[in-house]
Amino acid sequence: MAAQNSQGIQTLLEAEKEAAKIVQQSRQYRLQRLKDARSEASREIDEYRQAKEAEFKSFEASHAGVTSNAQVAVDKETSIKLQAITDAYEANKDAVVKKLLDRVLLIKPELHRNLKRVGGAELQ
(Lines give C-alpha, C1' and ligand atoms only; values in the text may rest on other atoms or scores of the structure.)
Protein backbone atom coordinates (compact mmCIF):
# COMPACT_ATOMS: atom_id res chain seq x y z
CA MET A 1 0.00 0.00 0.00
CA ALA A 2 2.85 2.30 0.75
CA ALA A 3 4.06 1.75 -2.78
CA GLN A 4 0.70 2.70 -4.18
CA ASN A 5 0.54 5.81 -1.98
CA SER A 6 4.07 6.68 -2.99
CA GLN A 7 3.20 6.11 -6.63
CA GLY A 8 -0.01 8.19 -6.26
CA ILE A 9 1.94 11.00 -4.63
CA GLN A 10 4.55 10.75 -7.38
CA THR A 11 1.79 10.94 -10.02
CA LEU A 12 0.30 14.02 -8.31
CA LEU A 13 3.71 15.71 -8.16
CA GLU A 14 4.27 15.02 -11.86
CA ALA A 15 0.80 16.37 -12.66
CA GLU A 16 1.55 19.49 -10.59
CA LYS A 17 4.86 19.98 -12.42
CA GLU A 18 3.09 19.53 -15.74
CA ALA A 19 0.41 22.07 -14.71
CA ALA A 20 3.07 24.54 -13.59
CA LYS A 21 4.81 24.06 -16.95
CA ILE A 22 1.55 24.71 -18.82
CA VAL A 23 0.84 27.83 -16.73
CA GLN A 24 4.37 29.12 -17.40
CA GLN A 25 3.96 28.50 -21.13
CA SER A 26 0.61 30.33 -21.05
CA ARG A 27 2.21 33.31 -19.31
CA GLN A 28 5.05 33.40 -21.83
CA TYR A 29 2.58 33.14 -24.70
CA ARG A 30 0.47 35.98 -23.23
CA LEU A 31 3.55 38.18 -22.73
CA GLN A 32 4.67 37.48 -26.29
CA ARG A 33 1.19 38.40 -27.58
CA LEU A 34 1.29 41.67 -25.58
CA LYS A 35 4.72 42.51 -27.03
CA ASP A 36 3.49 41.73 -30.53
CA ALA A 37 0.35 43.83 -30.00
CA ARG A 38 2.42 46.77 -28.76
CA SER A 39 4.81 46.61 -31.69
CA GLU A 40 1.88 46.29 -34.12
CA ALA A 41 0.13 49.27 -32.53
CA SER A 42 3.33 51.29 -32.66
CA ARG A 43 3.77 50.46 -36.33
CA GLU A 44 0.15 51.41 -37.09
CA ILE A 45 0.56 54.69 -35.22
CA ASP A 46 3.69 55.51 -37.22
CA GLU A 47 1.92 54.73 -40.49
CA TYR A 48 -1.07 56.85 -39.48
CA ARG A 49 1.20 59.73 -38.42
CA GLN A 50 3.05 59.60 -41.74
CA ALA A 51 -0.23 59.53 -43.67
CA LYS A 52 -1.58 62.54 -41.75
CA GLU A 53 1.68 64.46 -42.17
CA ALA A 54 1.58 63.83 -45.92
CA GLU A 55 -2.06 64.93 -46.00
CA PHE A 56 -1.22 68.10 -44.06
CA LYS A 57 1.72 68.90 -46.35
CA SER A 58 -0.47 68.54 -49.42
CA PHE A 59 -3.16 70.72 -47.80
CA GLU A 60 -0.55 73.29 -46.85
CA ALA A 61 0.90 73.30 -50.36
CA SER A 62 -2.51 73.71 -51.97
CA HIS A 63 -3.45 76.59 -49.68
CA ALA A 64 -0.09 78.36 -49.73
CA GLY A 65 -1.06 80.04 -53.00
CA VAL A 66 -4.31 81.27 -51.44
CA THR A 67 -2.36 82.88 -48.62
CA SER A 68 0.01 84.65 -50.98
CA ASN A 69 -2.93 85.76 -53.15
CA ALA A 70 -4.66 87.14 -50.06
CA GLN A 71 -1.49 88.97 -49.07
CA VAL A 72 -1.24 90.52 -52.54
CA ALA A 73 -4.89 91.62 -52.35
CA VAL A 74 -4.39 93.15 -48.90
CA ASP A 75 -1.24 94.96 -50.05
CA LYS A 76 -3.08 96.34 -53.08
CA GLU A 77 -6.04 97.51 -51.00
CA THR A 78 -3.68 99.12 -48.48
CA SER A 79 -1.81 101.01 -51.18
CA ILE A 80 -5.11 102.24 -52.69
CA LYS A 81 -6.34 103.51 -49.30
CA LEU A 82 -2.98 105.08 -48.54
CA GLN A 83 -3.07 106.87 -51.90
CA ALA A 84 -6.61 108.14 -51.17
CA ILE A 85 -5.49 109.51 -47.80
CA THR A 86 -2.44 111.15 -49.37
CA ASP A 87 -4.60 112.73 -52.08
CA ALA A 88 -7.06 114.05 -49.47
CA TYR A 89 -4.14 115.49 -47.48
CA GLU A 90 -2.66 117.20 -50.51
CA ALA A 91 -6.05 118.61 -51.54
CA ASN A 92 -7.00 119.98 -48.11
CA LYS A 93 -3.73 120.95 -46.43
CA ASP A 94 -3.75 124.58 -47.61
CA ALA A 95 -7.35 125.13 -46.48
CA VAL A 96 -6.68 123.57 -43.07
CA VAL A 97 -3.55 125.65 -42.50
CA LYS A 98 -5.49 128.80 -43.50
CA LYS A 99 -8.32 127.97 -41.06
CA LEU A 100 -5.85 127.34 -38.25
CA LEU A 101 -4.00 130.59 -38.89
CA ASP A 102 -7.29 132.55 -39.08
CA ARG A 103 -8.37 131.15 -35.71
CA VAL A 104 -5.01 131.80 -34.10
CA LEU A 105 -4.72 135.32 -35.47
CA LEU A 106 -8.34 136.27 -34.78
CA ILE A 107 -8.07 138.19 -31.53
CA LYS A 108 -11.01 139.95 -29.87
CA PRO A 109 -9.72 141.77 -26.82
CA GLU A 110 -12.44 141.69 -24.16
CA LEU A 111 -12.47 141.14 -20.46
CA HIS A 112 -13.55 137.82 -19.07
CA ARG A 113 -17.00 137.78 -17.51
CA ASN A 114 -15.66 136.66 -14.14
CA LEU A 115 -13.10 139.46 -13.93
CA LYS A 116 -13.81 141.96 -11.11
CA ARG A 117 -12.68 145.51 -10.90
CA VAL A 118 -10.12 146.52 -8.40
CA GLY A 119 -12.72 148.55 -6.58
CA GLY A 120 -15.04 145.57 -6.22
CA ALA A 121 -17.66 146.41 -8.90
CA GLU A 122 -18.23 143.77 -11.52
CA LEU A 123 -17.81 144.39 -15.23
CA GLN A 124 -20.32 143.20 -17.75
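The values are calculated or read from the model by the stated rules, or taken from the named source; none is laboratory data. Keep in mind that this is a model prediction, so the values were computed, not measured. Using ideal geometry, Cβ is built from the backbone for each residue, glycine included, and neighbour counts are taken over all protein chains shown. These accessible areas exclude ligands, DNA and RNA; they are computed on the full protein's heavy atoms, side chains included. Shrake-Rupley method; radii C 1.70, N 1.55, O 1.52, S 1.80 Å.
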### Query
Across the chain, how many lysine pairs, 8 or more apart or on two chains, come within less than 22 Å at their alpha-carbon atoms?
5
### Task
Working from Cα positions, state the angle (0 to 90°, nearest 10) between the long axis of helix 2-105 and the longest principal axis of the chain.
10 degrees
#### Entry: Approximate shape of the chain as ellipsoid semi-axes (Cα gyration tensor, √5λ), whole Å, largest first
104, 34, 5
### Task
Compare the Cα positions of Val96, Ile85, Val72 along the charge dipole of the chain (+1 at Cβ of Lys, Arg; -1 at Cβ of Asp, Glu; about the Cα centre) and return the one farthest towards the positive end.
Val96
### Query
When all alpha-carbon pairs of the range 47-113 are counted, what percent fall beyond 19 Å?
69 percent
### Task
With +1 on each Lys and Arg Cβ and -1 on each Asp and Glu Cβ, and nothing else charged, work out how big the dipole of the chain is about its Cα centre, in Debye to the nearest 20.
780 debye
### Message
Accessible area of the chain with a 1.4 Å probe: how many percent of it is carbon plus sulfur?
### Response
58 percent
### Message
If you count only protein heavy atoms with a 1.4 Å probe, what accessible area per residue comes out for the range 1-87, rounded to a whole Å²?
### Response
92 Å²
### Query
Along the charge dipole of the chain, which of Ile45, Thr11, Leu34 sits closest to the positive end, that is, farthest toward it, with unit charges on the beta carbon of Lys, Arg, Asp and Glu (+1, +1, -1, -1)?
Ile45
